[in-house]
1. Out of segment 7-35, which residues are in contact with a helix residue (DSSP H, G or I) (Cβ under 8 Å, 6 or more places away or on another chain) and either in contact (Cβ under 8 Å) with a residue 40 or more places away in the chain or among the aromatic types (Phe, Trp, Tyr) (or both)?
2. Can you tell me which residues in segment 48-59 are among the basic types (Lys, Arg), part of a helix (DSSP H, G or I) and more than 25 Å from VAL99 (Cα to Cα)?
3. Among ILE79, ILE109, ILE31, ILE98, which is the only one that is β-branched (Val, Ile, Thr) and outside the structural domain of SER148 (by TED's automatic domain parsing)?
4. Could you tell me which numbered condition ARG62 fails, if it satisfies all but one of (1) of a type outside the set (A, V, I, L, M); (2) assigned to a loop (DSSP other than H, G, I, E, B); (3) outside the structural domain of ALA152 (by TED's automatic domain parsing)?
5. Considering only segment 64-107, state which residues are surrounded by fewer than 16 Cβ atoms within 10 Å (Cβ to Cβ), at pLDDT 95 or above, more than 16 Å from the chain's Cα centre (by Cα) and charged (D, E, K, R).
6. Taking the options ASP17, ASP8, name whichever one is under 16 Å from TYR134 (Cα atoms), in contact with a strand residue (DSSP E or B) (Cβ under 6 Å, 6 or more places away or on another chain) and not assigned by TED's automatic domain parsing to the domain that holds TYR134.
7. Return yes or no: is ALA45 small (Gly, Ala, Ser), without any contact (Cβ under 8 Å) to a residue 24 or more places away in the chain and farther than 21 Å from LYS61 by Cβ?
8. Which of the residues that make up segment 1-25 are part of a loop (DSSP other than H, G, I, E, B), of a type outside the set (Asp, Glu) and closer than 27 Å to ARG111 by Cα?
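The values are calculated or read from the model by the stated rules, or taken from the named source; none is laboratory data. Small disclaimer: the values here were computed from a predicted structure and weren't measured. Here Cβ is always computed from backbone atoms with ideal geometry, including for glycine, and neighbour counts include all displayed protein chains.
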Amino acid sequence: MKVILNTDVPHLGEEGDVKDVKSGYARNFLIPRKLGLPFNSASLAVIESRREAIEKRKEEKRKAAQGLKERLESAPLKISMTTGRNGKLFGSVNSATIVTELAKQGIEIERKAVEIPGSSLKTVGNFKVGVKLYGGEMAQLTVAVSSSKIVAETEEKPAAPAAEEAPAADEAEVSAEADETADAAEAAVAEDTDESEQDSDHVE
């Protein structure tokens, strides 16, 4: 079913766009909420009467996107992470990390607009990350990942020695229990022997 968007609809289109959508989506969501209009001559006339204002708003959004691109490319986004001695990150820098850091600077970007080579950054260094903006504009953001703390190899794997010692401790405990059981069995046999000898003495 064709509809004319009455306003910008995220992930669908902009005000004035003609879109082909499922009839249920149009009748149950877009049209009742006045987000879209049925595609007919009356709706086309309404949109055309607003065409000049619509194009003006689009131009303003294009200018805003260009300004945002310049801002994103003007300075690197600095992110500090804990690393090992080899420069490998504990964790990684992903699109959510970048969106969060940009928000701290007052820059609001959708997570899906961030394009990271390999989907995440896992080492220190400077990396180029793409950010999709309005109208197909693409900003190249430099992300500078540095080490806030270097963790030594022994600190990275603190649980390994304990894990190795655990089986030995368990074996010692099992061995001790076995010795106790053997001692108890020997004592019981000795006691039975003594009682048997005493019974024999009484019979004689």
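1. Narrowing segment 7-35 to residues in contact with a helix residue (DSSP H, G or I) (Cβ under 8 Å, 6 or more places away or on another chain): 9, 14-16, 21, 35.
The answer is GLU14, GLU15.
2. Of the residues in segment 48-59, the ones among the basic types (Lys, Arg) are 50-51, 56-58.
If we keep only those that are part of a helix (DSSP H, G or I) as well, we get 51, 56-58.
Correct list: ARG51, LYS56, ARG57.
3. Working: ILE79 fails: outside the structural domain of SER148 (by TED's automatic domain parsing); ILE109 fails: outside the structural domain of SER148 (by TED's automatic domain parsing); ILE98 fails: outside the structural domain of SER148 (by TED's automatic domain parsing).
Answer to the selection: ILE31.
4. Status for ARG62: all satisfied but (2).
5. GLU70, ARG71, GLU73, LYS78, LYS104
6. Of the residues listed, the single one that is under 16 Å from TYR134 (Cα atoms), in contact with a strand residue (DSSP E or B) (Cβ under 6 Å, 6 or more places away or on another chain) and not assigned by TED's automatic domain parsing to the domain that holds TYR134 is ASP17.
7. yes
8. The first filter runs over segment 1-25 and keeps only residues part of a loop (DSSP other than H, G, I, E, B), leaving 1, 6-8, 10-12, 14-17, 21-22.
Next cut, of a type outside the set (Asp, Glu) only: 1, 6-7, 10-12, 16, 21-22.
If the condition is that a residue be part of a loop (DSSP other than H, G, I, E, B), of a type outside the set (Asp, Glu) and closer than 27 Å to ARG111 by Cα, then ASN6, THR7, PRO10, HIS11, LEU12, GLY16, VAL21, LYS22 are the ones that fit.
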